[in-house]
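Below: one structure, written as structure tokens.
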Amino acid sequence: VVSWKKADSSFVLFGGFAMLFATMILAIWFHTHMVRVAKLNQLRSEAEAEKSKHARMQVAKERHMNEFISHEVRNPLSSAISALSFVSATVNDPTECKFENESTKTTLKYDLNVMDASLQFINELLRNMLDIHRSASKQIEIDLKPGDVLRDILDPVASILFMRTSVKVQVECNPRDLVVKTDRMRLKQIVLNLAANATKFVVKGFIRLRACVVDDGTVEINVEDSGPGIPLEKRHRLFAKFQESLDSLNQGTGIGLAVCKNLSELMGADIWLDENFDSGIEGCPGARFVIRLNQPVEELPQEEEVTLLNGGEMNGGAAAAAAAAVAESSAEEEMDMLPESLKILFVDDDTVLRKMFCRSIKRVAPQWNVQEASNGETALRLVEEQKFDLIFMDQYMASIEKQLLGTETVLAMRSRGVDSIICGLSANDMEAQFLEAGANAFMVSGSIPWFDAGWLVVSSCV
């Protein structure tokens, strides 16, 4: 019995020591593990902090580079483009510049075109570089407003293409007065990027800008061409950043389509390549890019609604003076002074004000022919095709790239022999600049009282 008790005591003592030893080992392991976890968490936190710091430094570096490009590079580039436009206008004016022979003039015009194409290419490259970073980081603000698809989007892009390529540019919009809520400047940028890509590849055939309303009631824009098409092996990375060039000559920078994709997503639109498109021209399968805006057709407000939206006074754009002036006609004796027929061109980038101007003119003089343009390039193309009696010209028109100011457009018109009566419009006092450029009259928008269309037109004609 004594031996069993001793054995039990020894067993209990041994078990107690074993449990104590195991507990100590477990405590040491747990402490070591916790120290290791804490160290790993510390290292992970330091790595995340370093990564975040590096990301902030990279963002700051990119922002600094973007600001440098935007200010230090694009500003002098814009000045060079503007100066070149004045030189080109002078060369095309026979009264300002005379040459000994036609060959010298032809050579000089060719050199000016080369300079202009090179500057525009650099400007487009810089703009795409800025926009691809800004759009990817959601820094671009999208401003959705009613826009006339034909006159605000397709016609301005077509006007730029007419100056860049000899390929036939077709514009189709059904219905013609198609209005949709969109960011007009960014949508123009998307369409221009796609169409400008097409000019690099199309040798014969066409570049077509088409807009329509699809089955679900939303608006869709197609950019089609009769180029060589896009190889199947390159389609899977079509919208990738810095993707390989789409042709065998490695033309382009590989960022234009990525910008289009990013901007489309910011606007809530979809963009894709139509895999089944065929241009119908033998040996030229072509390509079609589809932009589904996912926005229904908009109805423009009536004149009274526009007045209320502007606080009773339409002073939001250069066209406000004209639209306000034609909105209320009260002097019958002055209306008798108006000609029976008149052909008018109204140039302004504000869709609603353009529409209100045209409606108001049609109300007081339904027999008149009133046409619209949203930028200077489109206006120049129209005056080459038609003769207008009276032209209203806004000074500043928002654009995705440097385009003609109102005064520059007037100067270009006069250098091309356009003898229409031109009335400049601006929120700033730019009468001297417009008259020097060749305008016949000037009106300051926002400061003109509400009076009738007859006074506006007759006073412009004096």
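The values are calculated or read from the model by the stated rules, or taken from the named source; none is laboratory data. In this text the structure is predicted, and so the values were computed from the model without any measurement. Here Cβ is always computed from backbone atoms with ideal geometry, including for glycine, and neighbour counts include all displayed protein chains. Surface areas here come from the heavy atoms of the whole protein model, side chains and all, with no ligands, DNA or RNA. Shrake-Rupley method; radii C 1.70, N 1.55, O 1.52, S 1.80 Å.
For the range 85-119, give me each residue that is farther than 15 Å from Ala412 by Cα and small (Gly, Ala, Ser).
Ser103, Ala117, Ser118, listed by residue number.
Gln371 - would you say it is under 17 Å from Ser82 (Cβ atoms), open to solvent by 20 Å² or more (accessible area, probe 1.4 Å) and not in a loop (DSSP other than H, G, I, E, B)?
No, not satisfied.
Restricting attention to the range 160-195, which residues are surrounded by 23 or more Cβ atoms within 10 Å (Cβ to Cβ) and small (Gly, Ala, Ser)?
The answer is Ala195, and nothing else.
Quick check on my filter: what residues within the range 88-105 are touching a helix residue (DSSP H, G or I) at 6+ places or on another chain (Cβ under 8 Å) and within 15 Å of Ala437 (Cβ to Cβ)?
Passing the criteria: Ser88, Ala89, Thr90, Asn92, Asp93, Glu96.
Here are some conditions: (1) within 19 Å of the chain's Cα centre (by Cα); (2) under 22 Å from Leu404 (Cβ atoms); (3) at pLDDT below 70. Ile132 meets all but one. Which one does it not meet?
Unmet for Ile132, out of (1) within 19 Å of the chain's Cα centre (by Cα); (2) under 22 Å from Leu404 (Cβ atoms); (3) at pLDDT below 70: (2).
Quick grid of which residues meet (1) modelled with pLDDT of 90 or more; (2) open to solvent by less than 20 Å² (accessible area, probe 1.4 Å):
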{"residue": "Phe201", "(1), (2)": "no, no"}
{"residue": "Arg210", "(1), (2)": "yes, no"}
{"residue": "Ser226", "(1), (2)": "yes, yes"}
{"residue": "Ser248", "(1), (2)": "no, no"}
{"residue": "Gln251", "(1), (2)": "no, no"}
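Every residue in the range 272-285 that is over 28 Å from Val180 (Cα atoms), surrounded by 14 or more Cβ atoms within 10 Å (Cβ to Cβ) and not hydrophobic (A, V, I, L, M, F, W, C), please.
Pro285
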